[in-house]
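**Q** Questions regarding the structure given below will be posed in turn.
Read the figures in this text as sums done on the coordinates, not as results from a lab. Just so it is clear, the structure is predicted and the values come from calculations on it, not from any experiment.
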Amino acid sequence: VLREAAAALSSTEQGLVLDATYSRRRHRDALRRDCALAGIPLCFIEARAPRRILHQRLRAREGRSGEVSDARIEDLTVVLWNWEPPNELPAADHLRISTHHSPEDTVSQALTALARRQATVAAAGTGG
């Protein structure tokens with residue numbers, strides 16, 4: 001569903017964030033293929049945090065109403081077990097950020113990394 005939405009919105013020529021784990025290589029490969037066919041530049045942001053922090057955040061989320069994320073503490077072990085590291089991604093299309101600080105720090109870190117990437121792409125004239 002996210003891939004179809006991305007393709008539909010790509011004609012707006014604005015940035016788009018697909019918020020999903022893409023924890024399996026086959027899902028990343030499918031997204032990369034679809035974006036390449038549509039001429040959509042793509043960059044993965046790998047958000048990382050220590051397991052204990054993931055556990056704390058999921059525990060704190062329990063019982064809260066209006067939570068946007070569907071991640072639950074009972075799913076953590078399975079998600080981590082099924083994780084396939086994105087080693088296949090080219091370094092230029094794969095940004096790693098730490099999420100063990102505040103959400104504001106994480107967003108700032110992600111935007112800074114994207115801005116640096118965009119400047120590098122623009123300087124190289126590759127258009128990605």
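**Q** If you stretched the chain out fully between A123 and R72, how much longer would it get, using 0.36 nm times the residue separation minus the C-alpha to C-alpha distance?
**A** Extra length from A123 to R72 when fully extended: 14.2 nm.
**Q** Once you have the Cα-Cα distance between W83 and A20, take 0.36 nm times their residue separation minus that, and quote the gain in nm to one decimal.
**A** Stretched fully, the W83-A20 segment lengthens by 21.4 nm.
**Q** Can you tell me the length gained on complete extension of the stretch R61 to A30, counting 0.36 nm per residue apart and subtracting the Cα distance?
**A** Once the chain is fully extended between R61 and A30, it gains 8.1 nm.
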